[in-house]
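Remarks on the structure that follows.
The values are calculated or read from the model by the stated rules, or taken from the named source; none is laboratory data. Owing to the predicted nature of the structure, the values given are computational and were not obtained by experimental measurement. For neighbour counting, all protein chains shown are included, and Cβ atoms are generated from backbone atoms with ideal geometry for every residue, glycine included. Just so you know, the surface numbers come from the protein's heavy atoms only, side chains and all, with ligands and any DNA or RNA stripped out. Shrake-Rupley method; radii C 1.70, N 1.55, O 1.52, S 1.80 Å.
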Amino acid sequence: MVLGADAGFMNPEKMLLCVVLAATCACILASMVAARAGRVPKIRRITGLEAVEEAVGRATEMGRPILFVPGIQDMDNPMTVAGITVLSRVAGTAARYDATLDVPVSRSLVMQAARESVQAAALQTGQPDWYDPERIRYITDEQFGYAAYAAGAMARDKPAACFYMGCFFAESLILAENGNAIGAIQIAGTAETAQLPFFVASCDYTLIGEEFFAASAYLSGAPDQLGTLRGQDIVKALIALVLVFGVVMATTDAFSPEPASEPTAEVAP
Amino acid sequence: MQKDPSRIKVVVATDCGSTTTKAILIEFVDGVYRQTHRAEAPTTVEAPFADVTLGVANAVTELQELSGRRLVDDDGTILRRASLDAADGCDMYISTSSAGGGLQMMVAGVVKEMTAESAKRAALGAGAIVMDTIASNDRRRPHEQVQRIRELRPDMVLISGGTDGGDTKKVTELAELIAPAKPRPRFGGEYSLPIIFAGNRDARPAIERTFSTGGFDLKVVDNLRPTLEREHLGPARETIHDVFLEHVMAHAPGYDRLIAWADAPIMPTPGAVGDILQAIAKGRGINVVGVDIGGATTDVFSVFDGSFNRTVSANLGMSYSISNVCAEAGMESVLRWVHLDMDERELRNRVKNKMIRPTTIPQTHEALVFEQAVSREALRLAYVQHKAFATELKGVQQQRTVGDAFSQEESGRSLVSGMKLDLLVASGGVLSHAPRMEQTASMLIDAFEPEGFTELAKDSIFMMPHLGVLATVHERAAMEVFERDCLVMLGTCIAPAGTAVAGKPVMRWSARWEGGSAEGTLMAQEMRLLRIGERAQVEVTPERGFDVGGGPGVAVKREVRGGSVGLILDGRGRSLSVPGGAEGRRLVAAWAKALELYPD
C-alpha cells in the first residue's frame, strides 16, 4: 500500500489492535502498581523450582557434580533467557553447598551470559571463590554434536542432578534418558510443547510452558515482577473469555435458521 | 547370656524415671503372661542418695509386699529363683531409664534434610533427646556452629554425611568443627566424649585422624545412608544403646550396679516404648501412633508400613511447658475447645500457676475442662511436628509417567496418614488419669483427627517401657501382657474424611452387637456414642465426597472393637474446623454431651 499525503496518523483498520495493546499495558501497569502498594499476588508452589535445593543437596551428599543445560538456542530466544534466570538460582544454591556446577553451552553468547549470571550468584551468596569460569564452557553450535557431548559427560561424570532449562528439540529425550539412566534427579523446563511429554516422563520435575517463564518472578519474589505476572494472567483470561464468547456466537449463528429471503420483484426487461 | 524363654515365668521390670521408679511384676498365670502387681518409689539418682539402685530396691520391696513373693535379697539385690518350683525370687530382672534427663545427643550431617535428618531419626529412635542438629546448610556460620557445639553438653555425638563413595570433604569439615570445639560431656570430668561416626566409609580415615587429638572415644559404624535411596539406622541405633550403657549409664550414680543386676541391657525409656510399638505393629500388621504427654515434653511415636519414627516436642507439655503451648497455639485456639464461659484473665493465671506448681491437678470442673482443652492443642501441635518429621526420604529420584504432568508431587511426603492409622495409643498424666475414659477418647480424636476406622487405647500405668525391654528377650510375654494388661481399650472411632457441610448427611450406619443394634444417619457436625460392649459388626455407607477407607462414597462393613467407651461416630469431617464464639461453644457443648464427657 502506498501512503499518500492524505494518509492519517492512525490506520483505522488496526484500531482494534491498538485498543488491545493499550488494555494489556493498562492491566500490567495496574497490577504492578497494586503489587508495589502491597497487594502482592500469591503464586502457587512450583514444585520444580522448590526441588532445586533437594537436587543440589543430593549432589552434595553424593560428592558428584550438577549439570545445567540451558537449551540449544541463542540469547534471542526467551526460553534461553528464562533458563539463565533459573541458572542463577541453581548457582546460588550450589555455591552455598559448595557443590560443583557444570554448564556446557551451545552458543558463545549464552556462555558469556551464563558466566556472568553464575559469578553474580556466587558473589551474592558470599562465595566468590566458588566461581570457576572453566566449568561454563562452549561446546558446539551443532545440535547433535552438543547432545553427544552432554550425554558423554553424563556417562563419565555421573552428575547427581541434571537441569534442562531452555529451548530443546530432538535432543531432549537423548539428554533426559541419559540422566534418568545414571539415576540423577532431573528438573526440566521448556515451552516447546513437542518436547514436554518426553521431559515429563523422564524427569523428576518439569516446568511447563508458563511456569518456566514465571520462574523469574517466582524466584525473585519482587513485587514488580509478580505484578507483571498477574497483569499478564488477567489479559490472558480476558482473551480466553473473548475466544469463548466468539465460539458461542459462531456456534449459535451456525445453528440458527437462515432468515427467509425477501421475495424480489421481477423486473420486466 | 540369653535365657531360655521357656524358663522365664516371673519377671520384675523397673523404669527409673526422673522422679519415680516404677516396678511391675509379670507372672505366668493360667497359661498366659499377666502383669500382676505394680509398685513405685522415689528415684534416688540425685544427692543425697546418689544411687539409683536404692530407689529400685524400694520399688521392688513394695512389689514384694503387694505380691507376697520375696523379691529382694538380704543384700538388697533382686532375688533370683533357684528353680522353677521355688516360691520366691524372679527369673528375670529388666529395666529402662530416663533418670537424670535421659540420653542427650547432638547430631551432625552434611545436608540438613538428608543425612542430618537420618542421624536425627536414628538418635530419636534410640530414645535420645536431640539437643541440636549441625549441618553444612543450617545457615549458621562456622564460628556460630563452633559456639553452639561448645555450649552443649551432650552425652554423645552422632556424625553422618555422604553416601558410601560420595562426599568426604563436607563430612570431614563437620568433624573438624566438632573436634577443636571440644564439647564437654554431661557426666565426669575425665570422661571421653563418645563420637559415633555413621557416614561415608571413604571418609573414615580422615575422621579417625581428626578425632585422634584425644578427649574423644570414636566409634565407627555402617553408614546410615549408604545410598540416598536407603536408610540403614540399625547399626547406629545399636551403637547408641551400647554407648549409653558403657559410658553414660556407667557414669551415672549407681548405674554400674543396676547394669550388673539386669538380665538384659538397660534401655532409654523412649527407645523401649518405640520397640514395643514396633513389635505390636509388626505382630498385628497394623499402623500405630503412640503419644506420651508429659509435663515438659510430648513424645509421639509412629509406625506406618513398618517405618518407625519418633519425635520429641521439647516445649509442649502440661506443666513446665504449658505457657508455651498457650503461646504457640494461641489462647483462641485453646478456648475453642471450651464450652463454658470463662474469664480469659483467670485462665492466664491458671496457666502460670500450673507452670510454677507443676504437680497440681484440676480441682474444679472448669479447671478440668480448660486443662483438657490445653492438652488438645499440645497434642495437636506435637502431632503436626511429628507429621512434618516422619517423611519419605528426601533427595531420591522420582519415577514419573506422562500422566504426572499436572500432579508432580514433591518428595518427602509425610508417612503419617490419618486414614491408614489403625491404632492410637495414649499415655501421660492428662490422658491416662482423665476422670472419664470418654474424655481421653475425645482428646485423642480432637487432636489427632483420625480418619476412617481407628481403634483408641490408653496405657494407663505407662507399662510400655517395661514391655519394650521385655520384647527384646521374651516377645511372647511382652505381647500377651501388652494386649491383656497394658492397653485399656477405649473403643473405635469412625470418622468419614471429607468436608462436612452443616445440615447435610455424612454417612448412613448400622451396628449390631451382643444384646443390641442400632442404625441411623450421621449428620455433619454431629457426634454419636454407641455402647457396644466388646465387639460389634458395623456397616457404614458414606455420602458422596466422604471416605471411610474404601474410597469416596464406598460402603464398608467390618467388625470393630469396643471397650470402656464404645463406638464413636464422628461427623465433623476432616480436616477438623471448630468455629469460634458462641456458635463454636454451642457445637463443643453438643459434642461433649453426645460423648458424655462431663455428665455431672
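Observations on the model:
- B:Lys593, A:Lys42, B:Lys458, B:Lys394, reordered so the largest accessible area comes first (probe 1.4 Å): A:Lys42, B:Lys593, B:Lys394, B:Lys458
- Percent of Cα-Cα distances greater than 24 Å, calculated over segment A:47-220: 24 percent
- Take the accessible area of chain A alone and of chain B alone, subtract that of the pair, and you get about 2300 Å² summed over both chains, using a 1.4 Å probe.
- Placing dummy labels 7 Å off each Cα toward the beta-carbon, the span from B:Asp217 to B:Ser575 is 4.6 nm.
- DSSP-assigned coil residues among GluC sites (Glu not before Pro) in segment A:114-164, each with at most 13 further Cβ atoms within 10 Å: A:Glu142
- Spacing of the two label points (7 Å from each Cα toward its C-beta) at B:Asp256 and A:Ala155, in nm: 6.5 nm
- Think of segment B:241-397 as having a plus end and a minus end, set by charges on the Cβ of Lys, Arg, Asp and Glu; of B:Ile293, B:Ala252, B:Ile322, B:Ile322 sits farthest toward the positive end of this dipole.
- Chain B, helix-only ellipticity at 222 nm - DSSP H runs n ≥ 4, -39,500 (n - 2.57), divided by all residues, nearest 500: -9500 deg cm²/dmol
- If you plug the beta carbon distance of B:Ser414 and A:Glu258 into 1/(1 + (r/R0)^6) with R0 = 56 Å, you get a FRET efficiency near 0.35.
- Proximal aspartates and glutamates to B:Lys22, defined as alpha-carbon separation beneath 12 angstrom and excluding residues fewer than eight positions away on the same chain: B:Glu40, B:Glu62
- The convex hull around the C-alpha trace of segment B:102-252, projected and averaged over every direction, spans 7.5 square nanometres.
- Here the accessible area is traced with a 1.4 Å probe on the protein chains. For segment B:5-99, carbon and sulfur cover 48 percent of it.
- Computed magnitude of the charge dipole of segment A:47-220 (debye, nearest 20; Cβ of K, R +1, Cβ of D, E -1): 260 debye
- Peptides B:372-384, B:420-432 ordered by packing proxy, namely the average of other Cβ atoms within 10 Å per residue, highest first: B:372-384, B:420-432.
- Minimum 20 Å² accessible area buried by the other protein chains, segment A:59-78 residues, probe 1.4 Å, relative to alone: A:Thr60, A:Glu61, A:Met62
- Fully extending the segment from B:Arg284 to B:Asn349 would add 18.8 nm, taking 0.36 nm per residue of separation and subtracting the current Cα-Cα distance.
- Choice from A:Cys167, A:Cys25, A:Cys203 with maximal GNM fluctuation in chain A (Cα, 10 Å cutoff): A:Cys25
- Where the protein assembly as shown is the region considered: accessible area per residue in Å², 1.4 Å probe: 44 Å²
- The simple Förster model, with R0 at 41 Å and r as the Cβ-Cβ distance, assigns B:Lys9 and B:Glu190 a FRET efficiency of 0.40.
- Per-residue mean of C-beta atoms belonging to partner chains within 10 Å, peptide B:407-416: 3
- Residue-averaged beta-carbon neighbours from other chains (10 angstrom radius) around A:180-190: 2
- Rounded FRET efficiency, nearest 0.05, which uses the C-beta distance separating B:Ala590 from B:Asp404 and R0 of 60 Å: 0.85
- Of the whole protein surface, B:Glu328 contributes about 90 Å² of accessible area at a 1.4 Å probe radius.
- Whole-percent carbon and sulfur share, accessible surface of segment B:102-252, 1.4 Å: 45 percent
- Gyration tensor verdict on the protein assembly as shown (Cα atoms; rounded if a/c is under 1.5, prolate if a/b is larger than b/c, oblate otherwise): oblate
- Dipole of the protein assembly as shown, positive end: most advanced residue of A:Leu16, B:Met437, A:Leu109 [Cβ charges, Cα centre]: B:Met437
- Positive-end residue of B:Leu79, B:Ala128, B:Met106, charge dipole of segment B:45-153 with Cβ unit charges: B:Met106
- Computed about the Cα centre, the dipole magnitude for the protein assembly as shown is approximately 1180 debye when only Lys and Arg (+1) and Asp and Glu (-1) carry charge, each at its Cβ.
- The mean number of partner chain beta-carbon atoms within 10 angstrom of a residue's beta-carbon across peptide B:104-110 is 1.
- Cα-based reach from A:Lys236 at 18 Å (exclusive), listing lysines while leaving out same-chain residues under 8 positions away: A:Lys42
- If the convex hull is drawn through the Cα atoms of chain B, its volume per residue in Å³: 180 Å³
- Placing +1 on each Lys and Arg Cβ and -1 on each Asp and Glu Cβ, with no other charges, gives chain B a dipole about its Cα centre of roughly 1040 debye.
- Within the shell defined by Cβ-Cβ distances under 14 Å, the residues around A:Met111 carry a net charge of -2, with Lys and Arg each +1 and Asp and Glu each -1.
- Surface composition of segment A:47-220: carbon and sulfur make up 52 percent of the accessible area, probe 1.4 Å.
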